[in-house]
Ligand SMILES: Cc1cc2nc3c(=O)[nH]c(=O)nc-3n(C[C@H](O)[C@H](O)[C@H](O)COP(=O)(O)OP(=O)(O)OC[C@H]3O[C@@H](n4cnc5c(N)ncnc54)[C@H](O)[C@@H]3O)c2cc1C
């Protein structure tokens, strides 16, 4: 029986990054993946394909609506969806082979098959062709990720009632698309299909979109997306979905009112559930919490010696970079080093246009926690770069501790927010203040100047403000 130091079950951004780090640290490592390709949800049906379609559809809107403002005349702009989808598939394939090459470089053995822990230190692998084998290991990391949540009255049929996985593969823009749930995934895929021609209606149970993000900026994002043609119904609880002859009717309640929505397809994007079915965790005594997430201590250890867990299958935000950083920290702990993840500095992003990014505390969270806080804000339209780009929407905002000036959170709504937020993440990681950020030289003309100006504005001393 082959023996390893670490066996990782699941090859998403949690598992495969943990495997790389384990290889770097000289641990004899194996990764077990039930799907044909490595990379998990993120690479195959999540982050990467969604961003490929978001980029392509954004280029289409630029060519159709924005190019002329720049003096660029493009005639006969139209979408070749088959080609767009082929490009997306090629992006995914390129990344798949990249992950496989990384496994080889780091001397990680990749097993194709379903992994089940049969006892602490033992993993059985059943391949898709039915062959079974068992491997031995000192340590096991469960990195089995998550799956889309299904609504009991709207079971996925893969054609008309779909999850994000199928909504990434439509070969025609559905004329009318209903999206249940206005979180990151719903807003991103709603945007893609709205840009590509669908009439998109977003139904959200809460009185706001983008839960977890800054409320003021989420409201501004909703305004932008509405201007782009998406329709939002908030405080709207879907209670039934019927499919008749390939047409959908959703029934919802809003206050005392009953509403009906008709569409050609419905995307259910109400969140994801941790997935550990069949991995054998409970059989060997690993404890789960009430949400079926694997319980761990602050060092990713489960209650069973030698078994660890990371990523979407444990508590915390379901994000690829959170899973990866946990994978690195977990392996470092296994190798006797001091692995650590700073959960106060994990950015979250919605890749719409404009993008919405946030890290640390929102203003609402600071208020709820009773923190004495101050806020600095700055509109992008007051920066030279946003004006020259004609991307005027958006605001940068920092939340600081009123006494110490330490930055507790930063929130950005802008076309390039996903890149701009990295600066704030670093400042938070180093325990920096708005004074530190405001005194840092930012290149001109850049969008990042708005982040500096927001920091200066904590003391009401932003420079480029007319009519203060
Ligand atoms: C449409 C969409 C867009 C997203 N966009 C973003 C984004 O832009 N940024 C971001 O940070 N996050 C994004 N996410 C979330 C992100 O994909 C997840 O947070 C991330 O993939 C979690 O990583 P993981 O390693 O924990 O699990 P996963 O990526 O889910 O990987 C788990 C792997 O384990 C395998 N597995 C499960 N059980 C077994 C078993 N018993 N044996 C063998 N293999 C097994 C699965 O097949 C899978 O490959 C998105 C998700 C979706 C659906």
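Can you confirm whether residue 339 is in a loop (DSSP other than H, G, I, E, B), touching a residue at least 12 places away in the same chain (Cβ under 8 Å), over 30 Å from residue 61 (Cβ atoms) and touching a helix residue (DSSP H, G or I) at 6+ places or on another chain (Cβ under 7 Å)?
Yes; evaluated as a whole, the condition is true for this residue.
Are there any pairs, at least 6 apart or on different chains, whose C-beta atoms fall under 6 Å, with the first in the range 440-468 and under 18 Å from residue 408 (Cβ atoms) and the second at pLDDT 95 or above and assigned to a loop (DSSP other than H, G, I, E, B), and if so, which?
From residues that are under 18 Å from residue 408 (Cβ atoms), the pairs are 452/442; 456/462.
Filtering the range 246-272 down to residues that are more than 16 Å from the ligand (Cβ to nearest atom) and in a loop (DSSP other than H, G, I, E, B), which residue is farthest from residue 164 (Cα to Cα)?
The residue in question is 256.
Rundown of residues vs (1) buried (at least 22 other Cβ atoms within 10 Å of the Cβ); (2) within 16 Å of the ligand (Cβ to nearest atom); (3) over 26 Å from residue 54 (Cα atoms), yes/no style:
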site	(1), (2), (3)
311	yes, yes, no
314	yes, yes, yes
317	no, yes, no
326	yes, yes, yes
330	yes, yes, yes
334	yes, no, yes
337	no, no, yes
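Taking the stated definitions as given, is residue 32 in contact with a helix residue (DSSP H, G or I) (Cβ under 9 Å, 6 or more places away or on another chain), more than 17 Å from residue 331 (Cβ to Cβ), within 15 Å of the ligand (Cβ to nearest atom) and not in a loop (DSSP other than H, G, I, E, B)?
No; evaluated as a whole, the condition is false for this residue.
Looking at (1) buried (at least 18 other Cβ atoms within 10 Å of the Cβ); (2) within 15 Å of the ligand (Cβ to nearest atom); (3) within 30 Å of residue 270 (Cβ to Cβ); (4) touching a residue at least 60 places away in the same chain (Cβ under 8 Å), which is the only condition residue 103 fails?
It fails just one condition, (3).
Anything in the range 286-304 that is out of contact with any strand residue (DSSP E or B) (no Cβ under 7 Å at 6 or more places or on another chain) and within 20 Å of residue 32 (Cβ to Cβ)? List them, or say none.
Of everything in the range 286-304, just one residue is out of contact with any strand residue (DSSP E or B) (no Cβ under 7 Å at 6 or more places or on another chain) and within 20 Å of residue 32 (Cβ to Cβ), namely 304.
Only one residue in 249, 253 is closer than 18 Å to residue 205 by Cβ and over 27 Å from the mean Cα position of the chain (by Cα). Which one?
Answer to the check: 253.
Mind counting the residues in the range 273-303 that are in contact with a helix residue (DSSP H, G or I) (Cβ under 7 Å, 6 or more places away or on another chain), under 30 Å from residue 169 (Cα atoms) and not in a loop (DSSP other than H, G, I, E, B)?
1
So residue 202 clears everything in (1) within 16 Å of the ligand (Cβ to nearest atom); (2) free of Cβ contacts under 8 Å to residues at least 60 places away in the same chain; (3) in a loop (DSSP other than H, G, I, E, B) except one condition, right? Which one?
(3)
Name the one entry in 365, 305, 390 that is away from the ligand (no atom under 13 Å from the Cβ), surrounded by fewer than 18 Cβ atoms within 10 Å (Cβ to Cβ) and within 22 Å of residue 223 (Cβ to Cβ).
390
Within the range 45-61, count every residue that is near the ligand (Cβ under 7 Å from one of its atoms) and touching a helix residue (DSSP H, G or I) at 6+ places or on another chain (Cβ under 7 Å).
Within the range 45-61, residues that are near the ligand (Cβ under 7 Å from one of its atoms) and touching a helix residue (DSSP H, G or I) at 6+ places or on another chain (Cβ under 7 Å) number 3.
The values are calculated or read from the model by the stated rules, or taken from the named source; none is laboratory data. Since this is a predicted model, take the numbers as computed values, not measurements. For neighbour counting, all protein chains shown are included, and Cβ atoms are generated from backbone atoms with ideal geometry for every residue, glycine included.
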